[in-house]
Amino acid sequence: MNRNRNPSHTPLPAGVNRRGFLKWGSILAGTAAVAGPGVFYGLRAVTESPVVDEKVVWTTCNVNCGSRCPLRAHVRDGLVTRIETDNTGDGDFGTHEIRACLRGRSMRRWAYSPERLKYPMKRVGKRGEGRFERISWDEALDIVSSELRRIIDTYGNEAVYRHYGSGVLGGIVARREFFHRLVNLLGGSLNYYGDYSMAQITAAMEYTYGAKYDECNANPISDVANCELAVFFGNNPAATRMSGGGSMYDLLRARRKSGVRVIVIDPRFSDTAATFADEWIPIRPGTDAALVAGLAFVLITEKLVDEDFLHRYCVGYDQETMPPGIPYGHAYRDYILGTGPDRIRKTPDWAASITGIPATRIRELAREIGTAKPCYIAQGWGPQRQACGEQTARSIAMLPILTGNVGIQGGNTGDREGFFRIPFPLVPEGENPVRTSIPVFAWTRAVDDPLSMTATRDGVRNKEQLDTPVKFIWNHAGNALINQHSDCRRTAEILRDDTKCEMIVVLDNYMTSSAKFADILLPCCTCLEEEDIVFQGYAMEMGFLVCTEAAVAPFYESRTLYDIVRGMARRLGVDEEFSLGMDRRGWLEYMYAKCREVKPELPPTFAEAQKVGLFKWKRPDPPEVMYREFRENPEAHPLNTPSGRIEIFSERLWELARTWELPEDDSITALPEYHPTWEGAEQARSGPYPLQLIGHHYKQRTHSSYGNVDWLQQVAPQEAWINSLDAETRDIRHNDMVRVFNDRGETRVRAKVTERIMPGVVTLPQGAWLKPDGNGVDRNGCINVLTSLRTSPLAKGNPQHTNLVQVEKVREEAEQC
Amino acid sequence: MLKRPAFHIDLGACIGCKTCMVACIDKNDLPRGILFRRVSEYSGGGWTRRKDGTFVQNVFAYYLSIACNHCENPICVRSCPTTAMQKDEYGIVSVDPEKCVGCRYCEWGCPYSAPQYDADSGKMTKCDLCRDYLEQGKPPACVAACPTRALQFGEYDDLVARFGKSEVVAPLPDPAITQPNLLCTPGPTAQPPKSRNGKVCNPEEI
């Protein structure tokens, strides 16, 4: 590091030597390259470099991949000129450099993109047309505040909905909590539960292990170093958690350390499968539960199950462990061996015909899993984002349960890899007086047809039936108003009707697809324009805290979330309770003091911490084993389930299966079973749409964040993956323009003809920005013109990987080219 | 003093994330169409549908992140009619814009497509190993960016000592042409040079 060029470089605090400082737990900005200018590589030292008024400040990437990478923004003449990443760390794994991925590295291009919002605006055309006129901040805040007041007074607090939005998840003060704080002071708003990432697996793990939403329920991925075999179902950290602070680097390290065999089961030959797997087993989407049943058949019949574990720690494996009062023949063993109600033996041949995996391979895989001690089995969130994803997620968890791999080093629960978290605080949002909660994915119903939504049919919680329509939507840093929600055509119809939802407020940095549906559109600062405190997301091997500075002044009339919401609080007469008399900087200092309660070794003031920037803490060794205490003594440390044990058979689900109203082809069952679904692998073989369509997370974007950055579009263009066998029968060549369509919609996109996707399956990277042409055909590869608003049976989650489509070559455009 | 600067790529660690490409674009303010570093996806194998409707396959894929290899025998230097392309005392191959006339002979000669034509300036441009960063004691932007540490930089002999003997994998050209300062540790599915088992599957990206 050339100190002349880095005015933010700060000497070590007095009395702290370098080693001591490192042990103390933090790494100072710029100390990693200990060599002086030029010394490192033996080139001429630049002793008289031109004096450039450049500063380097710490900032972060705050989008929802789960990593929150530290960035160093170079600033000259009030403009960001470069983005670099963490350069601290002494090479020791656990305090290593948290290297941002390509997305964070493109941040200046994102911040300066042409879609940037400049001024507050109000809608002038029909809702969704995207026609706006500039208004003043005073007018904007007057309208939003008076509409919020009017709607609460007219319809009640349950008419106010603060929509899901994960575009700003880092940044204690930039995050969503301040609006919640305001609206809670006004009587509250309708709640949602779950999210678009992991609704089904959350329900599955709750019913199986009593796991709580977003709490760690698994061994860390670094525990792969301690197993004999690692099996991943659809887990792709090489794309989803790809930065140097995410789990991908940990997996690489663990894999290198142990040389352990890795098997990836996925319809797509993901980058994780290509790079880390010894073997890829392609599987038809949505059929993982059938594979597990076939594996369980072999494990049980070849006596590879851990009977002691199943009897001591689990409910419902066999008759001996069934809860009282359940008729004979409903144990898991019965389901697998064909002595249950369906009388079907779940043999490998049965599973082969459903999954597309040869029966011999299923037998061998079962033997591999059954004899590897320990075996680390994890699933990503792709398999569960399906029409019957709860069953998929519960089924995958059956493998470690059957083989007794839960609660041991090198084993796992079957859930997605665990994480390490230092519990830094969030802004206190107060208590929401409204208890009613809807599944997040069902919000369009709450706008369109709210009075039909009930507890037993639609998963409404804390109320038998919804009695208030959603009339006010607050959409901050989110694109799930349309782009990331399903069935864009239908969703747009619902939103266009402004007699239903009467006021939509969108706060964003860009004219996103969702922003076009705003009534009032408010431009927010990006993280380059505001200072904040950012803590680790799903960090694996370390916790960290970044005290960032504003790199540049707010663009045009952009404002911070806090200043916007405080402007509303003043107008609504609750400023004192809302702000506690503090401005944004005051809140930062207040929250920083709260962080120091967690880590007292942090510098005394926020200003001093900003000079250092980044602080890291190594995860304590050895990696935490999930449910270790339960394994050691289940009586003293029961699980959070009604029985205190692992519930293979769930009495709660037995009850729900009898009381909930479900459409004919949906099912809830007490056991983790395979059930064919609507638009599943079976229907693909008989209906008009023969291809299963899934989505995948793509390096170009985090969901839809960064989706408009030209650098990223250049290095990773949007493309539909199609197998060469399917392409050949359709006369599709690589890079041809194709139409992907079903009854819900159509998108046009370039084809990636590849062997890396299973025949019969097409995948579109999710998150591309909806760009409909005059005929309503999307021209940008947005998957959600093809996805359905139907919910999954138990979690009422988003089954966005359950779709049937057809693909055709676009002939006229090919000719034009 | 740097004598023979080289890159090392670890194909068993490269996940094809392209962070190196974006760090390079950012560092060099590259306009669209010019990429000093490019990540190609080499993939192949195939599928057999069995009578029972199941599938067997032998699919493989790996990524190759390639920039200028600052070759020992740089064909771009040899083919430059104006001496604009030079390999300097540190082993860095770079183009002198004062002398370059944009004839593009270097581009045609280079088997790695390292020199790139900038239509706006009418000159060739290329990776200079982030010479300014090296002068400041910092590694090249692409190397410092790599989340998996698959891409390394250093003195050729030091890299050989660290990572062992380099191997040539498909689709890299015969190193005898230019003697590239590129060391490659193959991953488990690497294919031998001139292999016909796979192909570059992302020509539109590079």
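The values are calculated or read from the model by the stated rules, or taken from the named source; none is laboratory data. This is a predicted model, so every value here is computed, not measured. All Cβ positions, glycine included, derive from the backbone under ideal geometry; neighbour counts span all protein chains shown. These accessible areas exclude ligands, DNA and RNA; they are computed on the full protein's heavy atoms, side chains included. Shrake-Rupley method; radii C 1.70, N 1.55, O 1.52, S 1.80 Å.
Here are the numbers for this structure:
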read-out: Members of the stretch A:435-465 that are without any contact (Cβ under 8 Å) to a residue 40 or more places away in the chain, aliphatic (A, V, I, L, M) and either within 20 Å of A:ARG181 (Cα to Cα) or in contact with a helix residue (DSSP H, G or I) (Cβ under 7 Å, 6 or more places away or on another chain) (or both); value: A:MET453
read-out: Positions within the stretch A:343-367 being buried (at least 19 other Cβ atoms within 10 Å of the Cβ), more than 11 Å from chain B (Cβ to nearest Cβ) and part of a helix (DSSP H, G or I), in sequence order; value: A:TRP350, A:ARG363, A:LEU365, A:ALA366
read-out: Within the stretch B:1-11, tally of residues that are facing chain A (nearest Cβ under 7 Å) and open to solvent by less than 30 Å² (accessible area, probe 1.4 Å); value: 1
read-out: Filter pass, B:ILE25 being buried (at least 23 other Cβ atoms within 10 Å of the Cβ), of a type outside the set (Lys, Arg), over 30 Å from A:ILE354 (Cα atoms) and touching a helix residue (DSSP H, G or I) at 6+ places or on another chain (Cβ under 6 Å); value: yes
read-out: Tally, over the stretch A:286-336, of residues that are among the aliphatic types (A, V, I, L, M) and farther than 18 Å from A:ILE396 by Cα; value: 2
read-out: Scope the stretch A:802-817; condition open to solvent by 20 Å² or more (accessible area, probe 1.4 Å) and either modelled with pLDDT of 95 or more or not charged (D, E, K, R) (or both); matching residues; value: A:GLN806, A:GLU808, A:LYS809, A:ALA814, A:GLN816, A:CYS817
read-out: Any hit, the stretch A:616-626, residues being touching a Pro at 6+ places or on another chain (Cβ under 6 Å), open to solvent by less than 80 Å² (accessible area, probe 1.4 Å), in contact (Cβ under 8 Å) with a residue 60 or more places away in the chain and part of a helix (DSSP H, G or I); value: no
read-out: Residue in the stretch B:34-47 that is under 17 Å from the mean Cα position of the chain (by Cα), modelled with pLDDT under 95, within 11 Å of chain A (Cβ to nearest Cβ) and more than 20 Å from A:ASP271 (Cβ to Cβ) present; value: no
read-out: Residue identified as open to solvent by 10 Å² or more (accessible area, probe 1.4 Å), under 20 Å from A:GLU541 (Cβ atoms) and within 25 Å of the chain's Cα centre (by Cα) among A:ARG421, A:ARG445; value: A:ARG421
read-out: Helices (runs of 4 or more DSSP H) contained entirely in the stretch A:650-717, each with at least 1 residues that are buried (at least 18 other Cβ atoms within 10 Å of the Cβ), more than 27 Å from the chain's Cα centre (by Cα) and within 14 Å of chain B (Cβ to nearest Cβ); value: A:681-684
read-out: Yes/no for B:SER94 being in a strand (DSSP E or B) and open to solvent by 20 Å² or more (accessible area, probe 1.4 Å); value: yes
read-out: Tally, over the stretch B:105-125, of residues that are under 19 Å from the mean Cα position of the chain (by Cα), part of a loop (DSSP other than H, G, I, E, B) and more than 19 Å from B:ALA170 (Cα to Cα); value: 1
read-out: The stretch B:176-199 - residue that is open to solvent by 50 Å² or more (accessible area, probe 1.4 Å) and over 21 Å from A:GLU279 (Cβ atoms) and, of those, nearest to the other protein chains (Cβ to nearest Cβ); value: B:LYS199
read-out: Some residue of the stretch A:312-321 being of a type outside the set (Ser, Thr, Tyr), open to solvent by less than 10 Å² (accessible area, probe 1.4 Å), in contact (Cβ under 8 Å) with a residue 12 or more places away in the chain and under 29 Å from A:PRO676 (Cα atoms); value: yes
read-out: Which listed residue is within 12 Å of another protein chain (Cβ to nearest Cβ) and within 28 Å of B:GLY44 (Cα to Cα), from A:ILE281, A:ILE263; value: A:ILE281
read-out: Matching option when the condition is without any contact (Cβ under 8 Å) to a residue 24 or more places away in the chain, away from every other protein chain (no Cβ under 14 Å) and open to solvent by less than 30 Å² (accessible area, probe 1.4 Å), among B:GLY109, B:GLY102, B:GLY53; value: B:GLY102
read-out: Filtered residues of the stretch B:34-50 (kept if of a type outside the set (Lys, Arg) and touching a residue at least 24 places away in the same chain (Cβ under 8 Å)); value: B:ILE34, B:LEU35, B:PHE36, B:VAL39, B:SER40, B:GLU41, B:TYR42, B:SER43, B:GLY44, B:GLY45
read-out: Residues (open to solvent by 40 Å² or more (accessible area, probe 1.4 Å) and either touching a Cys at 6+ places or on another chain (Cβ under 7 Å) or modelled with pLDDT under 95 (or both)) located in the stretch A:555-593; value: A:ARG559
read-out: Qualifying residue in the stretch A:324-333 (condition: at pLDDT 95 or above and in a helix (DSSP H, G or I)); value: yes
read-out: Qualifying residue in the stretch A:430-437 (condition: on the phi < 0 side of the Ramachandran plot, open to solvent by 50 Å² or more (accessible area, probe 1.4 Å), touching a strand residue (DSSP E or B) at 6+ places or on another chain (Cβ under 9 Å) and modelled with pLDDT of 95 or more); value: yes
read-out: Neighbours by Cβ (under 9 Å, 6+ apart or cross-chain): first from the stretch A:223-246, among the acidic types (Asp, Glu); second open to solvent by less than 10 Å² (accessible area, probe 1.4 Å) and part of a strand (DSSP E or B); value: A:ASP223/A:TYR376; A:ASP223/A:GLY418; A:GLU228/A:CYS375; A:GLU228/A:TYR376
read-out: Filter result for B:ALA61 (over 14 Å from the mean Cα position of the chain (by Cα), buried (at least 21 other Cβ atoms within 10 Å of the Cβ) and outside any loop (DSSP other than H, G, I, E, B)); value: yes
read-out: Pairs, first within 13 Å of chain B (Cβ to nearest Cβ) in the stretch A:732-753, second among the hydroxyl-bearing types (Ser, Thr, Tyr) and crowded, with 19+ Cβ neighbours inside 10 Å, C-beta under 9 Å, six or more apart; value: A:HIS734/A:THR754
read-out: Residue in the stretch A:748-759 that is more than 15 Å from A:LEU693 (Cβ to Cβ) and of a type in the set (Gly, Ala, Ser) present; value: no
